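Comments concern the structure below.
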Amino acid sequence: MIRSTKALGHAGALALTAALTAPLAVATPALAADLPRRAAPPPAFTPVPVFTWTGFYAGVNAGAGFGGGGGTFTDATYGTVTPGSRDAAFVGGGQIGYNYQFTPGSGFVIGAEADIQGTTFGRPRGGLVGTTTFTDIGPSLDWFGTVRGRIGYAFDRFLVYGTGGFAYGGGSTPSTASYYTGTLPSTFRTGRTAGGGVEYAITDRLSARIEALYVSLDRNGGSGGLVYDAATTAYYGLGRPKTEFGVVRAGLNYRFSTD
């Protein structure tokens, strides 16, 4: 009888334990389902670099210059003078400048540039006074330079721009000037220039461009009419007061900074 009571007590304890733990067993999966899941972290964001034309640059250029015919003018003593034109010539040199782009990628670009050029223009060809040879004793054009502003619009790495500003140039006085009795002009001239171009950035620092310019240089001083020299049977004098020519050139620029 005692053994039966013990057996019943032990069985009762097991039943009580099972009754108490059953709710916990049911609740545990439910609680686990309610816990937030650990999501994988999002991938790190790496911004794509946006190209900008902003920065200082320097470069080289080469191309051709095309001198105008100059047109005729009238001498008070000898009448109509037809000056000689300048032959097409090689033009080459270097440039430095700075660009600022308002919005990286695509947007407006402003800047400034200075350049210096050597040229093989030399002197104008001989002209005519009627049927007699006319020799312009004005200085040759051996070099010129410009200081210009630039404004354009960038389509990412492609830039279209206009440019204009101050021009200057110089050369030498010809030996035939000894036949002239008037006042000789200075070999240094100043004037103006305007043009435009397109430029493409090959890399973040290296760009290539094509540019066209019109240049007009005013004669600096000089006075007097034509002089006829019987020994050489030719007229000597100053041509038109302006030297006008066009330039088409290609260039490469290296940008030292990109911001």
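The values are calculated or read from the model by the stated rules, or taken from the named source; none is laboratory data. All values reported here derive from a predicted model rather than from experimental measurement. Note that each Cβ is placed from the backbone with ideal geometry, even for glycine, and that neighbours are counted across all protein chains shown. Remember, those area values only see protein heavy atoms, side chains included, never the ligands or the DNA or RNA. Shrake-Rupley method; radii C 1.70, N 1.55, O 1.52, S 1.80 Å.
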Task: Sites PHE256 and THR173 - FRET efficiency at Förster radius 45 Å, r taken between beta-carbons, to 0.05 - done: 0.65
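Per residue, what accessible area does segment 106-150 have, given a 1.4 Å probe and all protein chains present, in Å²? Show your work: numbers first, answer last.
Details: 1750 Å² over 45 residues.
That works out to 39 Å² for each residue.
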Task: Whole-Å distance, taken between Cα centres, linking segment 54-93 and segment 186-259 - done: 6 Å
- [ ] Quick one: pull the percentage of alpha-carbon pairs in segment 217-259 with a separation above 18 Å.
- [x] 62 percent
TODO: Using a 1.4 Å probe over the heavy atoms of the protein chains, calculate the carbon and sulfur portion of the accessible area of segment 59-198 as a whole percent.
DONE: 63 percent
Task: ALA231 versus THR103: modelled label distance in nm, points set 7 Å from Cα along the beta carbon direction - done: 7.2 nm
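Quick check of the Kirkwood formula: for segment 167-259, what is the inverse mean of 1/r over all pairs of different Cα atoms, in Å? Before the final figure, lay out each step's value.
Values: mean 1/r = 0.0603 Å⁻¹.
Result for segment 167-259, one decimal place: 16.6 Å.
Based on the Cα atoms of segment 150-195, what semi-axes does the equivalent ellipsoid have, where each is the square root of 5 times one gyration tensor eigenvalue, given in whole Å with the largest first? Mind showing how you got there, number by number?
Numbers: eigenvalues 343, 19, 7 Å².
Result for segment 150-195: semi-axes of 41, 10, 6 Å.
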